[in-house]
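The structure under discussion appears below in the form of structure tokens.
The values are calculated or read from the model by the stated rules, or taken from the named source; none is laboratory data. Keep in mind that what you see is a predicted model, and the values were worked out from it rather than measured. Cβ atoms come from the backbone with ideal geometry, glycine included; neighbour counts cover every protein chain shown.
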Amino acid sequence: MATPAKHKKGAKKHYKCAILTISTSKYWKKEKGEDISGETAKELVTRSGHEVVYYDVVPDEEGKIHEGISKALNTDADFIITSGGTGLTKSDVTIEVISKLLKKELPGFGELFRQKSYEEIGTAAVLSRAIAGVINQKAVFCLPGSPDAVRLALTEIIMPEIVHIMKHVGE
């Protein structure tokens, strides 16, 4: 029986990442460097030995999100991290836009993220609609906009498993 360790063995170890922050308020302040979640994602991805090849901030608007994810998909990035727009307000439409594009969903990601969030923030974890899946042979992870949520997802789930995920996405 193949174990996760066997799947990781022989797999490529370094991948390219695109980061897309989805936030109207951060979009208008992006010149001032106020995207802590995006900066956190960049730092954690590079610290894990991967390269960030694309970064942008777009407002919470369906058309702009679609345009932003399309640009990220058209880079040489192997995987994409989005932050923001996963909540329940009227302007939280990231999941609606990106879920329509997913060819395969990774339901375990959202389930595990909410479980780990529950351990940190309690029952408020149910408000997150974080998802992950595959679009055009690229893994896509949609995270909440909170820097703590980005840190949690990247350090506890995505970075420890990205080599394994990417090996399967590429098969």
TODO: From ILE131, ILE80, ILE135, grab the single residue that is at pLDDT 95 or above, under 17 Å from THR46 (Cα atoms), within 13 Å of the chain's Cα centre (by Cα) and not small (Gly, Ala, Ser).
DONE: ILE80
Task: the range 40-73, subset of a type outside the set (A, V, I, L, M, F, W, C) and in contact (Cβ under 8 Å) with a residue 60 or more places away in the chain, residue surrounded by the fewest Cβ atoms within 10 Å (Cβ to Cβ) - done: SER48
Open item on the list: Please go through the range 99-109 and give me each residue that is within 25 Å of VAL53 (Cα to Cα) and either in a helix (DSSP H, G or I) or in contact (Cβ under 8 Å) with a residue 12 or more places away in the chain (or both), ordered by number.
Closed with: SER99, LEU101, LEU102, LYS103, LYS104, GLU105, LEU106, PHE109
Task: Residue match in the range 115-128 (condition: among the small types (Gly, Ala, Ser), part of a strand (DSSP E or B) and either under 15 Å from the mean Cα position of the chain (by Cα) or surrounded by fewer than 16 Cβ atoms within 10 Å (Cβ to Cβ) (or both)) - done: no
- [ ] Evaluate the following for VAL150: is it among the hydrophobic types (A, V, I, L, M, F, W, C), touching a strand residue (DSSP E or B) at 6+ places or on another chain (Cβ under 9 Å) and not in a strand (DSSP E or B)?
- [x] yes
